[in-house]
Structures are given as structure tokens and as C-alpha cells.
1. Picking from Ser15, Ser65, which residue would you name as being out of contact with any strand residue (DSSP E or B) (no Cβ under 7 Å at 6 or more places or on another chain), surrounded by 14 or more Cβ atoms within 10 Å (Cβ to Cβ) and polar (S, T, N, Q)?
2. Within the stretch 121-139, how many residues are within 25 Å of Ala64 (Cα to Cα), buried (at least 17 other Cβ atoms within 10 Å of the Cβ) and hydrophobic (A, V, I, L, M, F, W, C)?
3. Output the residues belonging to the stretch 30-64 that are among the basic types (Lys, Arg) and either closer than 15 Å to Leu20 by Cβ or touching a helix residue (DSSP H, G or I) at 6+ places or on another chain (Cβ under 8 Å) (or both).
4. Does Gln34 meet the test of being surrounded by fewer than 17 Cβ atoms within 10 Å (Cβ to Cβ), within 12 Å of the chain's Cα centre (by Cα) and modelled with pLDDT of 90 or more?
5. Cβ-Cβ distance below 8 Å, separation of 6 or more or different chains: which pairs start in the stretch 12-41 with a residue that is under 24 Å from Ala93 (Cα atoms) and among the aromatic types (Phe, Trp, Tyr) and end on one that is modelled with pLDDT under 95 and not in a helix (DSSP H, G or I)?
6. Sort out which residues of the stretch 30-46 are charged (D, E, K, R) and under 21 Å from Leu71 (Cα atoms), and write them in order of number.
7. Within the stretch 78-104, how many residues are over 21 Å from Leu130 (Cβ atoms) and of a type in the set (D, E, K, R)?
8. Where residues in the stretch 2-27 are modelled with pLDDT under 95 and small (Gly, Ala, Ser), which of them is nearest to Arg79 (Cα to Cα)?
Amino acid sequence: MNSGDERRTDELTCSEQFVLWTARSWVAAFKHRQPVYPHLRQGFEVAGIPDGLFALDELMGLLASAARRPLDFRCVKCRKVGADEALLLRCLAACQSGPAPEIDRVLMDWLPPAAARTALRPVMILAMLLDSIGMRVPVADPGPSVPQHHADGRLMPCADPGLHRIQ
């Protein structure tokens with residue numbers, strides 16, 4: 001498995017594609033100041049986990065309001081997986097596999113301590129709901145635990161013009 005910037009969306013499993021689509025759709029609605037629920041409600045209902053929308057919205061809302069740095073969530077049509085998108089998938093896989101320090105490391109990279117503790121709940125709920133309908137997120141080959149950054153804190157560049165960043 002490749003690192004976030006190299007992995008293509010067509011290499012993802014159905015469960016990974018669903019998570020990626022929901023997170024990217026949330027970001028797109030947020031960036032265009034549109035309501036999130038109309039865009040995602042049907043997807044979660046068809047999947048059989050309507051409450052998953054609330055968990056995703058809580059997590060993404062925390063990331064949008066309290067992220068320590070710009071996050072690499074891309075446009076819905078982008079064919080490559082962003083570094084933070086890959087980390088979200090790894091978090092969900094870790095939650096489905098049992099307690100793992102990986103989850104805390106990622107959340108602490110994304111958020112200040114109090115927000116990271118708050119974000120653990122929606123990550124765990126979303127992972128549990130996905131698991132309950134057989135949508136297991138596969139455990140990825142280990143790569144960097146957090147995205148690579150320049151000395152000044154900026155995320156390393158990505159050649160993809162579809163890049164979307166929260167903040």
C-alpha cells in the first residue's frame with residue numbers, strides 16, 4: 001500500500017471509498033457554505049447507518065473548528081488519497097481492530113488535547129457503525145503516523161490540483 005499522496009481512490013475497498021466520499025462531501029459543503037446533511041443523509045441511509053452522519057459531522061466539525069494545521073482533505077473527484085484522508089482511514093481501521101495508540105497519535109496531531117479527546121467518541125462511533133454493517137476498513141500497511149511537514153509547519157506539497165484544505 002502506498003502513502004497517502006500516492007494511493008489512488010480506485011485502489012480503495014468499498015468501505016474506504018464510502019468513508020472518503022462522505023468526508024470529502026462534508027468538506028465540499030463546508031467550503032461552499034452549504035448545509036451538510038442534504039448531501040450526505042441519503043448515502044448514510046442507503047448504507048443502513050443513518051446515525052453515522054451525526055458521528056461524521058461531529059468529527060469533521062471538530063477538525064474544521066480546532067485543527068492545529070491545514071488538513072489534506074481533497075475534492076470529491078480527486079483520484080488520489082490525501083495524507084489526512086489516509087490517516088482517517090487508519091484511525092477507523094484501528095478502532096475496528098481494537099484499542100490502538102495510533103488513534104491517539106493521529107487525533108493529537110490534528111487537534112489540541114481537549115478537542116482530540118472529544119473527537120475520539122465520533123471516530124469510535126463511526127467505526128462501530130461501519131463495522132455493524134460489514135464495512136470493515138482494512139488495516140493499512142504502516143507508513144508515517146502523521147503527514148510530513150516543512151519546518152514552518154506547512155504540509156509538504158502535493159501536485160494534485162484538486163486539493164482541498166480545511167481552514
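The values are calculated or read from the model by the stated rules, or taken from the named source; none is laboratory data. Since the structure is predicted, the reported quantities are computational estimates derived from the model, not experimental observations. Because the Cβ atoms are built from the backbone with ideal geometry, glycine has one as well, and the counts that use them run over all protein chains shown.
1. Testing whether each residue is out of contact with any strand residue (DSSP E or B) (no Cβ under 7 Å at 6 or more places or on another chain), surrounded by 14 or more Cβ atoms within 10 Å (Cβ to Cβ) and polar (S, T, N, Q) leaves just Ser15.
2. 8
3. Arg41
4. It is false that Gln34 is surrounded by fewer than 17 Cβ atoms within 10 Å (Cβ to Cβ), within 12 Å of the chain's Cα centre (by Cα) and modelled with pLDDT of 90 or more.
5. Filtered contacts from the stretch 12-41: Trp21/Val76; Trp26/Val36.
6. To start, the set of residues in the stretch 30-46 that are charged (D, E, K, R) comprises 31, 33, 41, 45.
Matches in the stretch 30-46: Lys31, Arg33.
7. Of the residues in that region, 2 qualify.
8. Within the stretch 2-27, the match that is nearest to Arg79 (Cα to Cα) is Gly4.
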